[in-house]
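The values are calculated or read from the model by the stated rules, or taken from the named source; none is laboratory data. Please read all numbers here as calculations on a predicted model, not as lab measurements. We place every Cβ from the backbone using ideal geometry, glycine too, and count neighbours over all the protein chains shown. The protein model used for the area step is the full one, side chains on, heavy atoms only, and it has no ligands, DNA or RNA in it. Shrake-Rupley method; radii C 1.70, N 1.55, O 1.52, S 1.80 Å.
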Amino acid sequence: MSGQKKFYVTTPIYYPSSDLHIGHTYTTVAADTMNRFKKLQGYDSYFITGTDEHGQKIEKIALEHNMSPQEYVDGVVSGVKKLWDTMNVQYNQFIRTTDVDHIETIQAIFRKLYEQGDIYKGKYEGLYCTPCESFWTESQAPDGICPDCKRKLEQASEEAYFFRMSKYADRLLAYMEEHPDFIQPEARKNEMINNFIKPGLQDLCVSRTSFQWGVPVDFDPGHVVYVWIDALPNYLSALGYCNEKEDKMASYWPPDLQLVGKDIIRFHTIYWPIILMALDLPLPEKIYGHGWILLKEGKMSKSLGNVVDPVELVKKYGTDALRYYILREMNFGGDSAYSEDLLISRINSDLANDLGNLLNRTTAMTVKYFDGQIPPVREERPEDEELKEQMISLPGKVSKLMDQPDFAKALETIWKAVSATNKYIDENKPWALGKNPEEKDRLAQVMYQLSESLRFLGILIGPFMPETGKKILDYLNVEEEYRSWNSLHAFGLCPFEKRYDRCEPLFPRIERKKEKE
Ligand code: ME8
């Protein structure tokens, strides 16, 4: 659509594995929420996710399963897609690095970089971490232990292609300094500059010969492209860069927000921008490195048997409750501790009590006093202003927080407005007004204020909890034209002309005792 502003948001592409846990859902739910929020604001927003299917690690796992790597990844990818369906994640495109189009892009990029002299052939002697698919120098890992995952590194020695990273170091540093928002949060940027760029970038080994499961270097058979050089440009291949797909580069490039976990920020803020500089492409607006969801005892891992399975949690509590918990409870920039107890508390207090009761009381009283239809004649009073103003300022406040992005603060701000609406009920006591026939017009206004506030809340909650947002608006019979971002510019727009029924509880309270049984 002409004149429509675009937004391009990405998540990392996941290693296909059968133990995707709550930590993995974190980025994807956040990106989905951002995509939905931008769409609500009228942006032409595009959101991609996918799977990173090549590399020595996958080849090894497939072998352990007595399968070819292709059979193995095909079997696991459907599970990854199913998880995103379960979490109600609506991506525009799911990229697999084994897709023919993606392979075409990688081969074209590799060839171009080789032809222009950014990639040259040499010999790799050094350390390699297979679980992280990551090269390390003796100075970076003097004890032979991977600085990221703390596992033992392997000695690798093979003929290989190298990328002249050092050539771009000064440009990258200057870019980071001129674009303070490029890497967020700030502390991660300082870590990259001080620990990696300033000590001097080493040329990066970008091909392997000791295994086959990768994108072949088409002009030098026997070499496959290093898995990170294969994975990172998925953000380009998705848009048809150097492949046969529909060319969406002009519409969406560069990405507005790339969400990644803190463990892969180095790849995304050093290798990735350098690849783009070498390709002469604009860099992403913002790369956000979020913290991890941890357990009290530390990391989740299959070998420790402490993996928190999001599918099980959704079965118990529902998709929206889990989405709310992840986005509200987790401090997006830093690490956060997962606890099922806290999840239950959030459901009972924020969702069942605060939000659920608000909708329940509003619909129940509208049914009781007005047979479900708010009368058009109403009596406004000065005490209505505060709630009105709070609602009118809410979209702007939430929008600012989403631009940071700070999902937890955005939800906290919406919930302050939920509390203010509950307080309005307590202060205006519709049950007392209902006893006095002379206060009928005033009662109508109180019920209108509540319904209109719930319309604001339903619209703004939608990107975070899509089913819940829709349910609220459906219960209030809000017409389509009053569900848009533009319809939030004024309080009092929605006529609520259709009668409504008392709602079912939005979130049943969770009995802790029952839960323990
Ligand atoms: O890194 N809490 O894939 P991956 C929060 N294929 N986030 C977590 C987490 C946790 N406990 N555990 C993992 C890869 N993650 C590459 C990406 S992109 C071109 C290639 C996050 O499946 C992790 O930080 O190992 C990362 O951002 C994402 O899950 C995918 O991890």
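Around the amide H of VAL308, modelled in the peptide plane, lie the amide H atoms of ILE22, all under 5 Å away and 5 or more residues distant in sequence or on another chain. When the alpha carbon coordinates of segment 1-124 are projected onto the principal axes, the ranges are 51, 41, 23 Å, largest first.
The order of HIS24, HIS223 by accessible area, most exposed first and with a 1.4 Å probe, is HIS24, HIS223. Residues in segment 231-242 carry Karplus couplings, in order, of 7, 4, x, 4, 5, 8, 5, 4, 9, x, 5, 6 Hz; the curve used is 6.51 cos²θ - 1.76 cosθ + 1.60 with θ = phi - 60°, and Gly or Pro positions show x. Between helix 385-403 and the chain there is an angle of about 10 degrees, using the helix long axis and the longest principal axis of the Cα atoms.
Determine the relative contact order of the chain: mean sequence separation of Cα pairs under 8 Å and six or more apart, normalised by residue count, in whole percent. Can you show the working numbers first?
Numbers: 788 pairs, mean separation 78.9, N = 517.
Contact order relative to length: 15 percent.
Here segment 269-310 is treated as an ellipsoid with the same Cα gyration tensor; its semi-axes, largest first and in whole Å, are 36, 11, 8.
Segment 303-345 and segment 171-197 have Cα centres spaced 31 Å apart. Here segment 89-117 and segment 203-234 have alpha carbon centers that stand 12 Å from each other.
For segment 22-52, the residues whose backbone nitrogen is under 17 Å from a point 7 Å from the Cα of MET67, taken along Cα to Cβ, are 51-52.
Principal axis extents of the Cα atoms in segment 244-288, from largest to smallest and rounded to whole angstrom, are 32, 21, 19. Its Cα gyration tensor gives segment 471-514 an equivalent ellipsoid. The semi-axes, each the square root of 5 times an eigenvalue, are 29, 13, 8 Å from largest down. I'd like the carbon and sulfur percentage of the solvent accessible area for the chain, probe radius 1.4 Å, heavy atoms only, ligands and nucleic acids excluded. Here it works out to 49 percent.
Fraction of C-alpha pairs exceeding 23 angstrom in segment 79-182: 59 percent, rounded to a whole number.
For segment 275-407, the normalised intensity computed at q = 0.11, 0.21 Å⁻¹ comes to -0.69, -1.32 (log10 of I(q)/I(0), Debye sum over alpha carbons, equal scatterers, no solvent). Seen against the Cα atoms of the chain and their longest principal axis, helix 69-86 is set at about 20 degrees. Extension gain, ILE392 to LYS152: 0.36 nm times the residue separation minus the Cα-Cα distance gives 80.8 nm.
Over segment 382-517, the ratio between the Cα radius of gyration and 2.2 N^0.38 Å evaluates to 1.14. The phi torsions of segment 159-171, fed into the Karplus equation with coefficients 6.51, -1.76 and 1.60 and a -60° offset, translate into couplings of 5, 7, 9, 10, 9, 6, 4, 4, 4, 9, 4, 5, 4 Hz, rounded to whole numbers, with Gly and Pro shown as x. FRET efficiency for the ASN486 to SER139 pair, using the beta carbon distance and R₀ = 56 Å, is estimated at 0.50.
Amide H contacts for ALA156 (H built 1.01 Å from N in the peptide plane; partners 5 or more residues away or on another chain; cut-off under 5 Å): GLY126, LEU127, TYR128.
The base-10 log of I(q)/I(0) for the chain, evaluated at q = 0.10, 0.12 Å⁻¹, reads -0.84, -1.10 [Debye formula, identical scatterers on Cα atoms, solvent excluded].
Rolling a 1.4 Å probe across the protein heavy atoms gives the chain an accessible surface of 43 Å² per residue. The angle separating the long axis of helix 22-40 from the principal Cα axis of greatest extent in the chain is about 60 degrees.
Start at zero, step by 5 Å, and the Cα-Cα distances of segment 352-411 spread as 4, 14, 11, 17, 23, 14, 9, 6, 2 percent across the bins. In this structure the amide hydrogen of LYS6, modeled in the peptide plane, comes within under 5 Å of the amide hydrogens of ASP44, none closer than 5 places in sequence on its chain. Segment 27-53 and segment 389-432 have Cα centres separated by 24 Å.
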